[in-house]
Amino acid sequence: MKIEDSKANSKYINNMPKGCILCIDGKKSVLFVTGICNKTCYYCPLSEQRKNTENMWINEKPIDKTDDIFEEIDYCKSKGIGITGGEPLLKAYKVIQYITILKKRYGNRFHIHMYTGLEQIDIQVLKDLKLAGLDELRFHHVGDFSAIKNAVDVGLETGIEIPIIPGNEKTTTDMIKKAEKIGVSFLNLNELEFSDTNSKYLEKKGFELKDNDFYAVKGSEDAAEYVLKWCLDNIKTLKVHYCSASTKYDYQYWLRLKRRAKMICKQFESVTKTGLIRKGVITGDLEMITKKLGLKKDWFDIKNNRIETTIGNARLAARRGFNAAVVLEMPTSDSFDMELTPLDKRGKEVD
């Protein structure tokens with residue numbers, strides 16, 4: 001047994017859970033079922049837009065109807081989903097319903113994992129989750145182990161997923177001993193991260209940003225390395241995975257966006273190596289521009305009060321005196337310009 005490096009800047013012992021293997025390849029979508037939660041964790045990264053709301057989302061897309069979920073999963077060519085919140089099991093009936101629907105549509109190989117922070121869960125709910133086809137149940141909080149033990153006993157693939165907090169190494173290793181003893185399958189240690197909503201609470205507790213990092217907390221990775229080394233000498237069967245901030249952002253997130261970009265890319269657009277959609281845009285009198293440039297119907301679209309087309313057409317428009325630019329667009333359902341570079345009268349990009 002040894003500490004292994006994944007291809008996605010994470011580390012593990014005894015392999016990784018199936019859900020993580022799919023995630024680091026960008027093959028999972030995220031189903032957000034509620035922003036309501038019965039916990040007040042100081043490190044919660046949930047945005048103000050989602051926190052304490054009843055709204056549902058699939059990735060970056062608000063859900064109005066079930067078909068919205070199918071559409072987004074298909075665009076991302078996802079092989080599974082992770083169900084999260086808030087606290088999903090405050091909406092247990094809805095969660096079970098969606099697991100059933102998704103398994104029916106995509107088949108039993110479509111992998112579904114879910115997060116919960118509840119320490120008391122009705123045994124029947126756990127049985128219903130198992131029957132519906134939930135593949136992994138991941139517990140965020142570890143105090144009272146009764147719900148975790150019950151999940152193991154009903155046959156659910158049960159894991160614990162927590163942020164790795166500097167200074168809490170002893171508490172974490174004590175928890176690991178108990179987790180393996182009762183039959184928990186895996187443990188995920190997430191690098192602690194700053195967000196817009198938790199930064200003031202983390203700063204109050206004395207946490208700082210890791211050098212040259214926009215998100216990760218200084219010392220969290222060191223704590224994870226300590227725990228991983230401890231595990232080498234103290235565990236037998238438990239799968240342990242350290243998921244860095246880079247793993248989530250550079251792999252899980254951006255690889256999913258790349259998959260989506262390739263699916264939604266129009267023939268006049270291209271996908272960059274990073275997963276952004278590259279195109280030309282022209283603004284002004286749209287009807288006059290399309291006539292003067294003789295744009296073919298299949299090679300442009302009118303969106304956001306502008307003509308979106310090939311970069312070649314945008315350069316031509318700039319040389320004809322129209323306002324034009326090259327755009328790098330996020331390939332999400334809430335697509336927006338990540339970067340817009342104007343073109344000068346020669347059709348050249350302006351620095």
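Between [x] 22.7, 69; [y] 23.4, 74; [z] 19.3, 60, which entry matches Rg and Dmax of the Cα atoms in Å as derived from the coordinates of this structure?
[y]
Counting each DSSP H run of 4 or more residues in the chain as -39500 (n - 2.57), what helix-only mean residue ellipticity at 222 nm follows after dividing by all residues, to the nearest 500 deg cm²/dmol?
It comes out at -9500 deg cm²/dmol, rounded to the nearest 500.
Can you tell me what the convex hull of the Cα atoms of the stretch 37-182 projects to on average, as an area in nm²?
9.3 nm²
Sort 125-137, 90-102, 12-24 for me by packing, meaning the mean count of neighbouring Cβ atoms within 10 Å per residue, highest on top.
Answer by packing, highest mean first, reads 12-24, 125-137, 90-102.
Hey, what's the stretch 97-213 come to in accessible area per residue, 1.4 Å probe, Å²?
Accessible area per residue: 48 Å².
Need one number for the stretch 1-99: average projected area of the convex hull over its C-alpha atoms, nm².
Mean projected area for the stretch 1-99: 7.8 nm², to one decimal.
Averaged per residue, what accessible area in Å² does the stretch 1-77 show with a 1.4 Å probe, protein chains only?
Ligands and nucleic acids excluded, the figure is 49 Å² per residue.
Provide the three semi-axes, in whole Å and in decreasing order, of the ellipsoid equivalent to the stretch 149-295 as defined by the square roots of 5 times the Cα gyration tensor eigenvalues.
Over the Cα atoms of the stretch 149-295, the ellipsoid semi-axes are 46, 21, 13 Å.
A 21 angstrom limit on the alpha carbon distance is what I want to check against. Which of 279/303; 61/262; 178/239; 28/248; 103/248; 7/218 exceed it?
With Cα atoms farther than 21 Å apart: 103/248; 7/218.
If you consider only alpha-carbon coordinates, what radius of gyration and Dmax does the stretch 221-351 have, in Å?
Over the stretch 221-351's Cα set, Rg and Dmax evaluate to 22.1, 74 Å.
Suppose a student asked you for the relative contact order of the stretch 167-310, using Cα pairs under 8 Å spaced at least 6 residues apart; what percent would you report?
It comes to 20 percent, rounded to a whole number.
Counting only protein heavy atoms, what percent of the accessible surface of the chain is carbon or sulfur at a 1.4 Å probe?
So the carbon and sulfur contribution to the accessible surface is 48 percent.
The values are calculated or read from the model by the stated rules, or taken from the named source; none is laboratory data. Worth saying up front: this structure is predicted, and the values here are computed from it rather than measured. Reconstructed Cβ throughout: ideal geometry from the backbone, glycine too, with neighbour counts over all protein chains shown. For the accessible areas, the whole protein counts, side chains as well, though only heavy atoms, and no ligand, DNA or RNA atoms are used. Shrake-Rupley method; radii C 1.70, N 1.55, O 1.52, S 1.80 Å.
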